[in-house]
Amino acid sequence: MERSETIVVIEKCLTEVLKHEVTGLREDLRLFDDLHLDSTSVLELLMVLEDTVGLEIDPENLDMDDFRTVGSLADFVERSLDGAS
C-alpha cells in the first residue's frame, strides 16, 4: 500500500470513529492533542483499521509511540501489513 493510500485509510477510519468527516490529514498531526482521541477511541480506531484493511493486531505488541501522530500511525499500519504478508 502506498503511503498516500495509508493516510486515506486512516482518514476514513478516523471519520468513522470520530463521527465527523476527517480530511486533509498531515503526518505531523497529533492523534491525542490535535484530534482529541483518548484510549477508548484509539481501541475503536484499531478495530476499525482491522476491519478495513484486514489487520490482525495483538494488543500485547502495541506501543503508545505508534499513536503519537498520523505519521507514526501510518508507519504502524504499514509495518503491520508487511508483517501479515
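Just so it is clear, none of the values below were taken in a lab; they were calculated from the coordinates. If you're wondering where the values come from, they're calculated on a predicted model, not measured in any experiment. Reconstructed Cβ throughout: ideal geometry from the backbone, glycine too, with neighbour counts over all protein chains shown.
When you look at PHE76, is it buried (at least 18 other Cβ atoms within 10 Å of the Cβ) and more than 17 Å from LEU18 (Cα to Cα), yes or no? Reasoning before the result, please.
Numbers: buried (at least 18 other Cβ atoms within 10 Å of the Cβ): yes; more than 17 Å from LEU18 (Cα to Cα): yes.
Spelling it out, PHE76 is indeed buried (at least 18 other Cβ atoms within 10 Å of the Cβ) and more than 17 Å from LEU18 (Cα to Cα).
Which members of the stretch 1-25 meet the condition of being of a type outside the set (S, T, N, Q), part of a loop (DSSP other than H, G, I, E, B) and surrounded by fewer than 16 Cβ atoms within 10 Å (Cβ to Cβ)?
Of the stretch 1-25, the ones of a type outside the set (S, T, N, Q) are 1-3, 5, 7-14, 16-22, 24-25.
Filter once more, so that each one left must be part of a loop (DSSP other than H, G, I, E, B): 1-2, 19-22, 24-25.
Within the stretch 1-25, MET1, GLU2, LYS19, HIS20, GLU21, GLY24 meet the criteria.
With respect to the stated conditions, GLU27 fails to be touching a helix residue (DSSP H, G or I) at 6+ places or on another chain (Cβ under 8 Å), among the acidic types (Asp, Glu) and either more than 21 Å from SER4 (Cα to Cα) or in contact (Cβ under 8 Å) with a residue 60 or more places away in the chain (or both).
Note on the stretch 16-56: residues that are of a type in the set (Asp, Glu) and touching an Asp or Glu at 6+ places or on another chain (Cβ under 8 Å) amount to 2.
Going through the stretch 1-23 one residue at a time, which ones are over 21 Å from ARG79 (Cα atoms) and in contact with a helix residue (DSSP H, G or I) (Cβ under 8 Å, 6 or more places away or on another chain)?
Step one: of the stretch 1-23, the residues over 21 Å from ARG79 (Cα atoms) are 15-23.
Residues satisfying the conditions are GLU16, VAL17, LEU18, GLU21, VAL22, THR23.
Can you tell me which residues in the stretch 26-54 are surrounded by fewer than 17 Cβ atoms within 10 Å (Cβ to Cβ), within 12 Å of the chain's Cα centre (by Cα) and under 16 Å from GLU78 (Cβ atoms)? Listed by number, the residues that qualify are GLU27, GLU50, THR52.
Looking only at the stretch 26-85, count how many residues are of a type in the set (S, T, N, Q) and in a loop (DSSP other than H, G, I, E, B). Steps first, please.
Keep residues of the stretch 26-85 that are of a type in the set (S, T, N, Q), which gives 39-41, 52, 61, 69, 72, 80, 85.
Narrowing the set further to residues that are in a loop (DSSP other than H, G, I, E, B) leaves 85.
Number of matching residues: 1.
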